[in-house]
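Please read the structure below before turning to the comments.
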Amino acid sequence: MKLQEIDKSRYRKHLNMIIAALIVSLMVMALSFGQILIMLLGGDGDHFIFNLSGVLLAGGLCLWVLHRYRQHEFMTEVVYVWELKQGLNKIYRKLRKIEAAKEDGDVNALVILNFYYAASSQLFKLDDNTITMDSLQLEVNKLQQLIEDKGLTIKIEDYSASMLKAF
């Protein structure tokens, strides 16, 4: 995964519109599907299973629409951030091993951490998460010092998700 420049205001606007559309769609479709199922199949008594089926159908349809239109230009920033979060999560799950390898001087660990910190910084800025930026900057500074001490030149573009297989 490569980091991309994202227009924060466009991202926030599109994300909010997508969330609002999903909420409204889920409510309307879940109620509609539930009522249709009750009319077609239900009788007297408990309609919980029909209402639950309506919610599941509505959720499935919303997921299908999101998947179907994920390549649309309107979704570009939102899908990028979603994929970035997935990539960061994959690194986070192996972070202890990567940190340990960093201490041993593993170059791939340094590349992964360099990407991880840069991607985290971008994500924190996009999500207005300023609380953790100071601690992240401290980690970035420590990593940059370690890279300089080892005489290495590491770029964010050097990262590849396949590097995680070693950890």
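The values are calculated or read from the model by the stated rules, or taken from the named source; none is laboratory data. Predicted, not measured: the structure shown is a model, and the values here were computed from it. Reconstructed Cβ throughout: ideal geometry from the backbone, glycine too, with neighbour counts over all protein chains shown. The accessibility values were calculated without ligands, DNA or RNA, using every heavy atom of the protein model including side chains. Shrake-Rupley method; radii C 1.70, N 1.55, O 1.52, S 1.80 Å.
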| query | In deg cm²/dmol, rounded to 500, what helix-only [θ] at 222 nm does the chain give when every DSSP H run of at least 4 residues adds -39500 (n - 2.57) and the total is split over its residues? | reply | -24500 deg cm²/dmol
| note | Length gained if T130 through T153 is fully extended, taking 0.36 nm per residue and subtracting the Cα-Cα distance, is 5.4 nm
| If amide H atoms are built 1.01 Å from N in the plane of the peptide, which residues on other chains or at least 5 residues away come under 5 Å of the amide H of S160? | none
| note | Under Stokes-Einstein, the range 109-167 at 37 °C and 0.692 mPa s, with its Kirkwood radius over C-alpha pairs, diffuses with a coefficient in µm²/s of 269
| field | Rg(Cα)/(2.2 N^0.38 Å) for the range 1-51, N = residue count | value | 1.93
| said: Sorting check: for 88-94, 134-140, which peptide has the highest mean count of neighbouring beta carbons within 10 Å, and how do the rest follow? | reply: 88-94, 134-140
| request: Of all alpha-carbon pairs in the range 1-94, indicate the percentage at a distance above 15 angstrom. | output: 69
| query | From the list (1) 18.3, 55; (2) 17.4, 55; (3) 22.2, 77, can you say which value of Rg and Dmax of the Cα atoms in Å was derived from the structure given? | reply | (3)
| How many nm separate the modelled label positions at V79 and I19, each set 7 Å beyond the Cα in the direction of the Cβ? | 2.1
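State in Å² the accessible area per residue of the range 71-167; use a 1.4 Å probe, count heavy atoms of protein chains only, and round to the nearest integer.
60
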| said: Give me the count of lysine pairs in the chain whose alpha carbons sit under 18 angstrom apart, restricted to pairs 8 or more positions apart or on different chains. | reply: 22
| query | Ignoring ligands, DNA and RNA, what accessible area per residue does the range 1-50 give at 1.4 Å, in Å²? | reply | 74
| message | Students often check this: by mean Cβ neighbours within 10 Å, which of 146-153, 106-113 ranks highest, and how do the rest follow? | response | 106-113, 146-153
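Once neighbouring chains are kept in place and the probe is 1.4 Å, which whole percent of the accessible area of the range 16-167 is contributed by carbon and sulfur?
Here it works out to 61 percent.
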| remark: Per the C-alpha gyration tensor (a ≥ b ≥ c, the square roots of its eigenvalues), the range 62-121 is rounded if a/c is under 1.5, else prolate if a/b beats b/c, else oblate; here it's prolate
